[in-house]
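Colleague: This is the structure I have questions about; it appears just below.
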Amino acid sequence: GQSGMIVLVQDGTGSRTLAVGNQYFGSDGDVPEISTAANAIDVIPYFVQAAGKILLGSAQKAFSDAS
């Protein structure tokens, strides 16, 4: 029943993609697509349904860094 958010930050180069283990399940079985722009910030919600079964929500893309 644990839940939370995963925050992903691209480095200065960007173009990184997301790969997950077999215990993660996205919508329709797909890994959430993330932003690939340099320094992009994305947030993915998750919910632990059972041991070894983590459900991923859709990525909320392109947050801005207020710092």
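The values are calculated or read from the model by the stated rules, or taken from the named source; none is laboratory data. Predicted, not measured: the structure shown is a model, and the values here were computed from it. Every residue, glycine as well, gets a Cβ built from its backbone with ideal geometry; the counts of neighbours run over all protein chains shown. Surface accessibility is based on the protein's heavy atoms, side chains included, excluding ligands, DNA and RNA. Shrake-Rupley method; radii C 1.70, N 1.55, O 1.52, S 1.80 Å.
Colleague: For the structure I just gave you, tell me whether residue 29 is modelled with pLDDT under 95 and exposed (fewer than 13 other Cβ atoms within 10 Å of the Cβ). Outline the logic, then answer.
Modeller: Numbers: modelled with pLDDT under 95: yes; exposed (fewer than 13 other Cβ atoms within 10 Å of the Cβ): yes.
Yes: the conditions hold for residue 29.
Colleague: In the range 1-54, how many are in contact with a Gly (Cβ under 7 Å, 6 or more places away or on another chain) and assigned to a strand (DSSP E or B)? Break it down stepwise before answering.
Modeller: Step one: of the range 1-54, the residues in contact with a Gly (Cβ under 7 Å, 6 or more places away or on another chain) are 23, 32, 36-40, 44-46, 48.
Imposing the further condition that a residue be assigned to a strand (DSSP E or B) reduces the set to 44-46, 48.
Summing the residues that are in contact with a Gly (Cβ under 7 Å, 6 or more places away or on another chain) and assigned to a strand (DSSP E or B) in the range 1-54 gives 4.
Colleague: Among the residues that make up the range 41-64, is at least one of them at negative phi, in contact with a Ser or Thr (Cβ under 6 Å, 6 or more places away or on another chain) and hydroxyl-bearing (Ser, Thr, Tyr)? Steps first, answer last, please.
Modeller: Just the residues of the range 41-64 that are at negative phi, to begin with: 41-51, 53-61, 63-64.
Within this subset, residues satisfying the condition of being in contact with a Ser or Thr (Cβ under 6 Å, 6 or more places away or on another chain) are 42, 47, 61.
Okay, now just the ones that are also hydroxyl-bearing (Ser, Thr, Tyr), so none.
No; the residues of the range 41-64 include none that is at negative phi, in contact with a Ser or Thr (Cβ under 6 Å, 6 or more places away or on another chain) and hydroxyl-bearing (Ser, Thr, Tyr).
Colleague: Could you say which residue among 2, 23 is over 12 Å from the mean Cα position of the chain (by Cα), open to solvent by 100 Å² or more (accessible area, probe 1.4 Å) and modelled with pLDDT of 95 or more?
Modeller: Working: 23 fails: open to solvent by 100 Å² or more (accessible area, probe 1.4 Å).
After applying the criteria, what remains is 2.
Colleague: So, in the range 4-53, exactly how many residues are touching a Pro at 6+ places or on another chain (Cβ under 7 Å) and closer than 24 Å to residue 65 by Cβ? Spell out how you get there, then give the answer.
Modeller: Going through the range 4-53, the residues touching a Pro at 6+ places or on another chain (Cβ under 7 Å) turn out to be 5, 18, 26, 44.
Pick out the ones that are also closer than 24 Å to residue 65 by Cβ and you get 5, 18, 44.
Qualifying residue count, the range 4-53: 3.
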